[in-house]
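J.: Take this structure, written in structure tokens, and hold onto it; I'll ask about it next.
Just so it is clear, none of the values below were taken in a lab; they were calculated from the coordinates. Because the structure is predicted, anything quoted here is derived from the model rather than measured. Note that we place each Cβ from the backbone using ideal geometry, even for glycine, and neighbour counts take in every protein chain shown.
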Amino acid sequence: MLISRPRRNRKSAAIRDLVQETTLSVNDFIFPMFVMEGSGIKSEIKSMPNIYRFSIDTLLEEIKEVSDLGIKSICLFPNYPEAKKDKYATESHNPDTLYLKALSEIKDKFPHIALMTDVAMDPYSSDGHDGLVENGEILNDETLDILGKMALAQARAGADIIGPSDMMDGRIGYIREMLDDEGFTNVSIMSYSVKYASAFYGPFRDALDSAPKFGDKKTYQMNPANVREALIEGQLDVAEGADFLMVKPAFSYLDVIKTMADNFDLPIAAYNVSGEYAMIKAAAQNGWLDGDKAMLEMLLSIKRAGAKIILSYFAKEFALLKK
Ligand code: PBG
């Protein structure tokens, strides 16, 4: 006779629920959203079904809806027309700019929402890179000043969490000091600590029209083959004052999430990126996968690996399913 029968712990839904180790809650999610100029706009992103670019007015309506579903944190990204872009990403810290206006209106109407921003030059850069380009090179230290101005402008507009996604060296410390000097000691920083040069950002670059005009991002984003480097990035970010450490993308990097969770005590976040969303959506639309089940399994695996926080385009659908 068999003494040990692991199946006994799977024999009913009640027992399965009792022994379930990992659970997902709407509290775990940050919902990334896109804003563009204009009014009355809700424009679907082709490669991201059911995800839209909103003008500020319709964005506020959508935030009301997701907030009613229990989502308490959002992250905002802007889409700018080519005419607003330049080499120095000047528009990013123009006080009248779309992005900053959107942030302050959101904070004004939804003070309870944790509002996260994006700090990087790419949405505003005529080169489509996250840093300042000179003779085909992405300059590190010269970029820091632009990122600092951007972060400060976002803090002034009401941001709760600043999200540097640029991967320049030293930017967390630079931004922390600039925020503190101006009295924004309570504004948090979620560092995109471990961000890989990934093919899974494709649909996001469609959403922003922000693909690099030349080359790739391999001199600043990490090589997908490496995990030891993640520890170096994490150590630097802790020392420089980060409040959260993020791994991005998530699904092909579960081992990296686990390594970060095992080695750092700060909360670990993972970005379930646009391409991961698009894969499930495309397969589901073809009838090749059960979209809801695949979504839940993907999200659960990211949490199981060690991410407490998940940035995901699925956040609203997840909240709707749990309603
Ligand atoms: C750029 C940025 C990117 C994403 C977030 N911030 C793309 C990139 O680095 O090219 C990707 C998010 C996604 O794919 O969902 N600063």
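J.: Once label points are set 7 Å from the Cα along Cα→Cβ at both residue 141 and residue 177, what is their separation, rounded to one decimal in nm?
T.: Those two pseudo-labels are separated by 1.2 nm.
J.: Rank by packing, highest mean first: peptides 239-246, 186-193, with packing defined as the count of other Cβ atoms within 10 Å averaged across residues.
T.: In decreasing order of mean packing, 239-246, 186-193 become 186-193, 239-246.
J.: How much net charge surrounds residue 313 when only the other residues with a Cβ under 12 Å from the Cβ of residue 313 are counted, with Lys and Arg +1 and Asp and Glu -1? Don't skip to the answer; put the middle values down first.
T.: Details: positive: 281, 316; negative: 276, 317.
Residues near residue 313 contribute 0 overall.
J.: Next question. Could you compute the FRET efficiency for residue 300 and residue 57, with r as their C-beta to C-beta distance and R0 at 35 Å, rounded to 0.05?
T.: Efficiency, from the Cβ-Cβ distance: 0.45.
J.: Given a cut-off of under 8 Å on Cα pairs at least six residues apart, what relative contact order in percent is computed for the range 1-117?
T.: Details: 126 pairs, mean separation 29.0, N = 117.
Averaging sequence separation for qualifying contacts and normalising by length gives 25 percent for the range 1-117.
J.: Could you grab the relative contact order for the range 23-322? Cα pairs under 8 Å, six or more apart, rounded to a whole percent.
T.: So the answer I get is 19 percent.
J.: Charges on Cβ only, +1 for Lys and Arg, -1 for Asp and Glu, centred on the Cα centroid of the range 23-322; of 90, 48, 284, which one is farthest towards the dipole's positive end?
T.: My answer, from the dipole projection, is 284.
J.: Another question about this same structure. Taking the Cα centroid of the range 8-36 and of the range 180-259, what is the distance between the two, rounded to the nearest whole Å?
T.: 25
J.: Within a Cβ distance under 11 Å of residue 187, other residues only, what is the Lys/Arg minus Asp/Glu net charge? Spell out each step's value before the answer.
T.: On the way: positive: 156, 176; negative: 160, 180, 182, 243.
Local charge sum for residue 187: -2.
J.: Which of 136, 13, 203 sits farthest toward the positive end of the charge dipole of the chain, with +1 on the Cβ of Lys and Arg and -1 on the Cβ of Asp and Glu?
T.: 13
J.: Looking at the range 109-196, what % of the alpha carbon pairs are farther apart than 16 Å?
T.: Working: 1921 of 3828 pairs.
When all Cα pairs of the range 109-196 are counted, 50 percent exceed 16 Å.
J.: Which value in nm describes the separation of the simple spin-label points at residue 68 and residue 218, placed 7 Å from the Cα toward the beta carbon?
T.: In this crude label model, residue 68 to residue 218 measures out at 4.9 nm.
J.: Turning to a different aspect of this structure: When a footprinting reagent is the concern and you count Cβ atoms within 10 Å, what order do 93, 112 take, fewest first?
T.: 112, 93
J.: What are the residues whose amide H is under 5 Å from the amide H of residue 193, where those residues sit 5 or more places off or on another chain and H is modelled from the backbone?
T.: So residue 193 has HN proximity to 246.
J.: What does the extension gain come out to for residue 112 and residue 156, with contour length at 0.36 nm per residue minus their alpha carbon separation?
T.: Length difference between fully extended and current span is 14.1 nm.
J.: Per the helix-only calculation at 222 nm, which mean residue ellipticity applies to the chain, given -39500 (n - 2.57) for every DSSP H run of n ≥ 4 and division by its residues, nearest 500 deg cm²/dmol?
T.: -11500 deg cm²/dmol
J.: Okay, next question. What list of ³J(HN,Hα) couplings, whole Hz, do you get for the range 82-92 from phi and the Karplus terms 6.51, -1.76, 1.60, once you set θ to phi - 60° and write x for glycine and proline?
T.: Those phi angles translate into 3, 4, 8, 8, 8, 4, 9, 6, 4, 4, 5 Hz.
J.: With N set to the number of residues, divide the alpha-carbon radius of gyration of the range 276-322 by 2.2 N^0.38 Å and report two decimals.
T.: The range 276-322 yields a ratio of 1.13.
J.: What base-10 log of the normalised intensity I(q)/I(0) is obtained for the range 240-323 from the Debye formula, alpha carbons as equal point scatterers, at q = 0.12, 0.15, 0.26 Å⁻¹?
T.: So the normalised log intensities are -0.36, -0.54, -1.24.
J.: Would you grab the residues whose amide H sits under 5 Å from the one on residue 51? Only those 5+ places off in sequence or on another chain, please, with H modelled 1.01 Å from N.
T.: Under 5 Å from the amide H of residue 51 lie the amide H atoms of 45, each far enough along the sequence or on another chain.
J.: Using 1/(1 + (r/R0)^6) with R0 = 35 angstrom and r between the beta carbons of residue 41 and residue 290, what's the FRET efficiency to the nearest 0.05?
T.: Computed FRET efficiency for residue 41 and residue 290 comes out at 0.65.
J.: Additional query: Which one, 161, 110, 306, projects farthest toward the positive side of the charge dipole computed for the chain from Cβ point charges (K/R +1, D/E -1)?
T.: Of the options given, the answer is 306.
J.: Sorted by mean Cβ packing within 10 Å, highest first, what order do the peptides 290-299, 98-107 take?
T.: For the peptides 290-299, 98-107, the packing ranking is 98-107, 290-299.
J.: I would also like to ask the following. Arranged from highest to lowest average of other beta-carbon atoms within 10 Å per residue, in what order do the peptides 213-226, 70-83 appear?
T.: In decreasing order of mean packing, 213-226, 70-83 become 70-83, 213-226.
J.: Then there's this: Could you give me the ³J(HN,Hα) list for the range 210-216, computed from phi with Karplus coefficients 6.51, -1.76, 1.60 and θ = phi - 60°, whole Hz, x at Gly and Pro?
T.: Residue by residue, the range 210-216 yields 10, 4, x, 6, 8, x, 9 Hz.
J.: Radius of gyration and Dmax for the chain's Cα atoms, expressed in Å?
T.: Computed over the Cα atoms of the chain, radius of gyration and Dmax are 19.9, 76 Å.
J.: Still on this structure, please answer the following. Rounded to the nearest 0.05, what FRET efficiency is calculated for residue 7 and residue 229 with R0 set to 51 Å and r the Cβ-Cβ distance?
T.: Details: r = 42 Å, r/R0 = 0.82.
For residue 7 and residue 229, the calculated efficiency is 0.75.
J.: Pop out the ³J(HN,Hα) list for the range 235-252 in order, Karplus 6.51 cos²θ - 1.76 cosθ + 1.60 with θ = phi - 60°, rounded to Hz; leave Gly and Pro as x.
T.: 4, 4, 5, 4, 4, 8, x, 5, 9, 9, 10, 10, 10, 8, x, 9, 5, 8
J.: Assigning unit charges at the beta carbon (Lys, Arg +1; Asp, Glu -1) and nothing else, what dipole magnitude in debye, to the nearest 20, does the chain show about its Cα centre?
T.: Roughly 1920 debye for the chain.
J.: Take the chain, connect every pair of alpha-carbon atoms lying under 10 Å apart with a spring to form a Gaussian network, then pick out the residue of 39, 312, 67 with the largest mean-square fluctuation.
T.: 39
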